[in-house]
Amino acid sequence: MNYPYQIKNLEAYHKAYQESVEQPEAFWANIAEHFTWKKKWDSVLNWSFSPYKVEWFKGAQLNITENCLDRHLEKNGDRPAIVWEANSPEQAALTLTYRQLHFKVMQFANVLKNNGVKKGDRICIYMGMVPELSIATLACARIGAIHSVIFGGFSAQAIADRLEDAKAEFIITCDGAYRGAKEIPLKDVIDDALIGNHSIKRVIVYTRTHAPLSMIKGRDVWWEDEIKKVESDGNPYFPAETMDAEDILFILYTSGSTGKPKGVVHTTAGYMVWTNYTFVNVFQYEPGQIHFCTADIGWITGHSYILYGPLSAGATSLMFEGIPTYPDASRFWDIVEKHKVNILYTAPTAIRSLMGFGLEPLQNKNLCSLKVLGTVGEPINEEAWHWYDENVGKKNSPIVDTWWQTETGGILISNIANVTPGVPSFATLPMPGVQPCLVDEKGIEIEGNNANGNLCIKFPWPGILRSTYGDHERCEKTYFSIYKNYYFTGDGCLRDAKGNYRITGRVDDVLNVSGHRIGTAEVENAINCHTGVIESAVVGYPHDIKGQGIYAYVIFSGIHENEEHTRKDISLTVSKIIGAIAKPDKIQFVSALPKTRSGKIMRRILRKIAEGDTSTLGDTTTLLDPTVVEILIEGRL
Ligand code: PRX
């Protein structure tokens, strides 16, 4: 497969960018011509930001799996689609060619059908990073069911909330998952999530860890048994369901500034075109290369750059079950050497954590296959950028710093490898089709370079979210009404003298902990569930490895046993309600929170104290009781 729309030099980038702004419809129609459609579109783009409605390629019909699988079979059927590296280096790697993956996806689509799944049904997928996770996800797309993958670190309560919100009727899970030295009892967590649930019709369980399980008659079935039934039917073929361009492909839950995560909705055609276009361009993928995205498929990065982007481009995507530090901190480098990885796409938090082990784990590792490095998920500090550049890329591989979000479907702002220049800690320039702007507090656009403001996007790109599941109003309110006629990203940003963008971090109450997005309100709600907690306030503070740590101020009615014990109890409560990823790093017990006379918590002050920067607390005279601040400073952890 070649990519006629791959941008090959700086001039071509400027030309493509200009065309995408001046004639967006013609620009995207030309690109969309390179995909497989059952029926072409009637119109390329219909849109309005107020009220919010976006439709790309309306009237077209397709199935994304025909683009990710079937269309590669004739010429590249024997090319590896997925190379899988197990958690344990002792276990042999596994390769699925396009032909094999196509077969397995159809086979599992038949399993889904036999179990009563129909087009439009919602299926929750809660699995470890095994190849069957990719197969299950693609099989949902094949049959036209809406997948909602939930990261294996979320708790039973978090799953239960998501199942209810998505009105899901089916679950695909594993007995357990291996992650480093840990074994995570996924099915047990699902069982807890399903206590009192009467909507789930079927739970399909894939065997990975052989952990003992409860299997409920009439509800739970084994993946392997269901496959055997399909095999004995003898016909693995499963025609790709015809989907409208704007039919929902998936829901993915993400945190915002309210306590309740929202189900970001992505539809079929626009998302496909966007992930493919950005994959092929940002990483400058060349056929035959091995692309290693280290994310989990439970996050948007895995959806877009392990599955849909690479597979729609006929690429070879490496999927890794484990973690960078198991069995030791050379694991990534061993994988790069073993599989001759060409593109390594990871998160700053992973880089910072590996930096902490020094250079020893990199010694004698052959990394010369690497051509392009990428980062995603949070701002990368210059120190980590240079470490990555010098020790991994050997100053020979461009680093693409890709800024995007669950809501954007794919990369919006990034340098393009070997085409547009990289600048340490800058995401740099917008992709064609992306029209960023900076606005001030009042929503007035700040023109010109050397500017600092809130990052908005003026015009829809094909991968933009279409809604938040079951609550379109919430989508409109969150993204399109804070600044009228703009999509508001929630990020602060500056633009330098050359027009390069640098993301400075969230300006709303959303934290980015180890690249995971967590709402402060969500953590507060969880802390407040602990018996004895009267009130809490959560803020972020700089953390050397995680990027941001979680700092909780808690008003407690009576310490049980001792403070340390109570801290552990509160952390466990948060683990049960959200998941271990949201556990506070620090809990300071306080007798009061700094509030204005109208009862609003002044988070700015709490943030400053957590950061240890108490020299510039600003005006505290509007506080109901300014003496609170001194007490908080004294008790700082
Ligand atoms: O704050 C930005 C940060 O991550 C947020 C989006 O999080 P999520 O939806 O979980 O998606 C992460 C993976 C795409 C953004 O609002 N972020 C993401 N990439 C970068 C970044 N911040 C700075 N630089 C980046 N490259």
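The values are calculated or read from the model by the stated rules, or taken from the named source; none is laboratory data. Treat the numbers as computed from the prediction; the structure is a model and nothing was measured. Neighbour counts run over all protein chains shown; Cβ positions are idealised from the backbone, glycine included.
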Looking at the range 182-294, what helices (runs of 4 or more DSSP H) fall wholly within it and have at least 3 residues that are at pLDDT 95 or above and under 19 Å from GLU407 (Cα atoms)? 268-282
Identity of the residue in the range 279-295, of a type in the set (A, V, I, L, M) and in contact with a strand residue (DSSP E or B) (Cβ under 6 Å, 6 or more places away or on another chain), that ends up surrounded by the fewest Cβ atoms within 10 Å (Cβ to Cβ): ILE290
Within the range 232-254, identify whether any single residue is within 12 Å of the ligand (Cβ to nearest atom), surrounded by fewer than 24 Cβ atoms within 10 Å (Cβ to Cβ) and not assigned by TED's automatic domain parsing to the domain that holds HIS472, and answer yes or no. yes
Can you confirm whether the range 307-326 contains a residue that is within 16 Å of the ligand (Cβ to nearest atom), without any contact (Cβ under 8 Å) to a residue 60 or more places away in the chain and outside the structural domain of THR173 (by TED's automatic domain parsing)? yes
Residues that are assigned to a helix (DSSP H, G or I), under 16 Å from SER317 (Cα atoms), within 27 Å of the chain's Cα centre (by Cα) and not hydroxyl-bearing (Ser, Thr, Tyr), drawn from the range 65-99: ASN67, CYS68, LEU69, HIS72
Failed item, numbered, when ILE125 is tested on (1) under 20 Å from THR301 (Cα atoms); (2) of a type in the set (Val, Ile, Thr); (3) without any contact (Cβ under 8 Å) to a residue 40 or more places away in the chain: (3)
Could you grab me the full set of residues in the range 100-140 that are closer than 20 Å to THR207 by Cβ, among the charged types (D, E, K, R) and out of contact with any Asp or Glu (no Cβ under 9 Å at 6 or more places or on another chain)? GLU132
Answer from LEU494, LEU593 - the residue that is assigned by TED's automatic domain parsing to the domain that holds CYS456 and either closer than 30 Å to THR622 by Cβ or surrounded by fewer than 20 Cβ atoms within 10 Å (Cβ to Cβ) (or both): LEU494
Report yes if ALA166 is small (Gly, Ala, Ser) and surrounded by 23 or more Cβ atoms within 10 Å (Cβ to Cβ), otherwise no. no
Residue check for ALA427: within 16 Å of the ligand (Cβ to nearest atom), closer than 14 Å to VAL282 by Cβ and out of contact with any helix residue (DSSP H, G or I) (no Cβ under 9 Å at 6 or more places or on another chain): yes
Considering residues that are within 15 Å of the ligand (Cβ to nearest atom) and assigned to a loop (DSSP other than H, G, I, E, B), the number found within the range 364-399 is 6
Taking GLY499 and the conditions (1) under 25 Å from SER255 (Cα atoms); (2) assigned to a loop (DSSP other than H, G, I, E, B); (3) not polar (S, T, N, Q), which numbered condition does it fall short on, given that it satisfies the others? (1)
With the requirement that a residue be at pLDDT 95 or above and surrounded by fewer than 17 Cβ atoms within 10 Å (Cβ to Cβ), what does the range 544-563 give you? ILE555
ASP334 - would you say it is more than 15 Å from the ligand (Cβ to nearest atom) and in a loop (DSSP other than H, G, I, E, B)? no
Among the listed residues THR478, THR489, identify the single one that is part of a helix (DSSP H, G or I), within 16 Å of the ligand (Cβ to nearest atom) and within 19 Å of the chain's Cα centre (by Cα). THR478
